[in-house]
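For reference, the structure is listed below as structure tokens.
The values are calculated or read from the model by the stated rules, or taken from the named source; none is laboratory data. As the structure is a prediction and not an experimental result, all values here were calculated from the model. All Cβ positions, even for glycine, are placed from backbone atoms using ideal geometry, and neighbour counts span all protein chains on display.
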Amino acid sequence: MLLKKHFEQGTVNGVTYGNGTVAFQGVKLNVYSYIVDGVCIDTGAQSLRKEFQPFLTEQPFEQVVLTHHHEDHSGNAAFLQQRGVPIYIEESLIKECSEKAAYPFYRKVFWGARKPFQAQPLASTFTSKSATWEVIHTPGHAIDHVSLLNKETGQLFTGDLYVMTKTRLILRNESIPTIIQSLQKVLAYDFEDVFCCHGGLLKDGRKALQAKADYLLTLQEKIFSLHMQGLSVKEIDQQLFSKKYPITRFSRGEWDSQHIVTSILKDAK
């Protein structure tokens, strides 16, 4: 099975990044790891270990903070732990992280088999070399998802909260209403740069986050309206999301636009 891989690294606004990309049969996915002020934020995927591990070994940091447990973010956590670096994550799924990863085969194709690691629970704040950080619980994409705000620089690391403005499909267990609440939560903070774990440094990050919140709120109202008109989930999906993506077929429906509709209507019950 031939995966096309690409990796690049650099520094922007004082933050060092590694960005790995995996492509297979028309599906192309990427993920970032960030290093700033002695903190590593997310570790990249295990399938990209030959790219991420040398990058991570070369960088100076004393702790790893994960935005959430998903394998593209925690894939090299076990490697770093073996090197004596402490790993921190929101406490909800610490036990799951210490066990063999259980997720679908297609995700292992793209991101590899994440090895077990022992994590410590994140507090509401933590310190790095020269800054205090605010840990903002931002679930929706995952129950343990957090965003990280460097209160010294105003830099906000949003994990998978943003990804793109116009969400077209989501994982089966994601919640659009919860994501809206999380976006509104972070928008109440003062911040400058916004670093996304799939989009990199966002141009005008506050505007991007607000645009996503506005889009999802409008989408939610459209779905409520169509539901009140008597349309089924499938009919609403076909009307709002006519374009289908290879990842839906490849994931056997774990990624699907229909999950946007069902998550919104479930919350309305």
Which members of the range 127-152 meet the condition of being over 20 Å from the mean Cα position of the chain (by Cα) and part of a strand (DSSP E or B)? THR127, THR132
Just wondering, is there one or more residues in the range 137-149 that are more than 19 Å from ILE87 (Cα to Cα) and touching a Phe, Trp or Tyr at 6+ places or on another chain (Cβ under 7 Å)? no
Kindly indicate which of LEU48, LEU66, LEU80 is over 11 Å from ALA119 (Cα atoms), in contact (Cβ under 8 Å) with a residue 40 or more places away in the chain, among the aliphatic types (A, V, I, L, M) and buried (at least 24 other Cβ atoms within 10 Å of the Cβ). LEU48
Quick one: which residue in LYS234, LYS212 is crowded, with 19+ Cβ neighbours inside 10 Å and in contact (Cβ under 8 Å) with a residue 24 or more places away in the chain? LYS212
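Looking only at the range 153-192, which residues are in a loop (DSSP other than H, G, I, E, B), among the polar types (S, T, N, Q) and in contact with a Ser or Thr (Cβ under 7 Å, 6 or more places away or on another chain)? Don't jump to the end; show me each part of the working.
Residues of the range 153-192 in a loop (DSSP other than H, G, I, E, B): 153-155, 158-169, 172-175, 188-192.
Subsequent filtering for residues that are among the polar types (S, T, N, Q) retains 153, 155, 158, 165, 167, 173, 175.
Within the range 153-192, THR158, SER175 meet the criteria.
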Could you run through the range 62-84 and say how many residues are farther than 23 Å from HIS137 by Cα and in contact with a helix residue (DSSP H, G or I) (Cβ under 9 Å, 6 or more places away or on another chain)? 4
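Results for (1) assigned to a helix (DSSP H, G or I); (2) crowded, with 18+ Cβ neighbours inside 10 Å; (3) not β-branched (Val, Ile, Thr), shown as yes or no for each residue.
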{"position": "LEU216", "(1), (2), (3)": "yes, yes, yes"}
{"position": "LEU219", "(1), (2), (3)": "yes, yes, yes"}
{"position": "GLN238", "(1), (2), (3)": "yes, no, yes"}
{"position": "VAL261", "(1), (2), (3)": "yes, yes, no"}
Inside the range 193-214, the number of residues satisfying the requirement of being in a helix (DSSP H, G or I) and closer than 20 Å to TRP133 by Cβ is 3
Can you spot a residue in the range 111-126 that is closer than 25 Å to LEU209 by Cβ and in contact (Cβ under 8 Å) with a residue 40 or more places away in the chain? yes
If you scan the range 1-39, which residues turn out to be surrounded by 15 or more Cβ atoms within 10 Å (Cβ to Cβ) and among the aliphatic types (A, V, I, L, M)? VAL15, VAL22, ALA23, VAL27, LEU29, VAL31, ILE35, VAL36, VAL39
Exactly one of (1) out of contact with any helix residue (DSSP H, G or I) (no Cβ under 7 Å at 6 or more places or on another chain); (2) modelled with pLDDT under 95 is unmet by PHE250. Its number? (1)
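Residue check: is LEU183 in contact with a helix residue (DSSP H, G or I) (Cβ under 9 Å, 6 or more places away or on another chain) and at pLDDT 95 or above?
Working: in contact with a helix residue (DSSP H, G or I) (Cβ under 9 Å, 6 or more places away or on another chain): yes; at pLDDT 95 or above: yes.
Judged against the criteria, LEU183 is a match.
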In the range 1-32, what residues are in contact (Cβ under 8 Å) with a residue 60 or more places away in the chain, within 17 Å of GLY199 (Cα to Cα) and in contact with a helix residue (DSSP H, G or I) (Cβ under 8 Å, 6 or more places away or on another chain)? VAL22, VAL27, LEU29, VAL31
Collect the residues in the range 159-209 that are among the hydrophobic types (A, V, I, L, M, F, W, C), out of contact with any strand residue (DSSP E or B) (no Cβ under 7 Å at 6 or more places or on another chain) and without any contact (Cβ under 8 Å) to a residue 60 or more places away in the chain, keeping them in residue-number order. MET164, ILE179, ILE180, LEU183, LEU187, ALA188
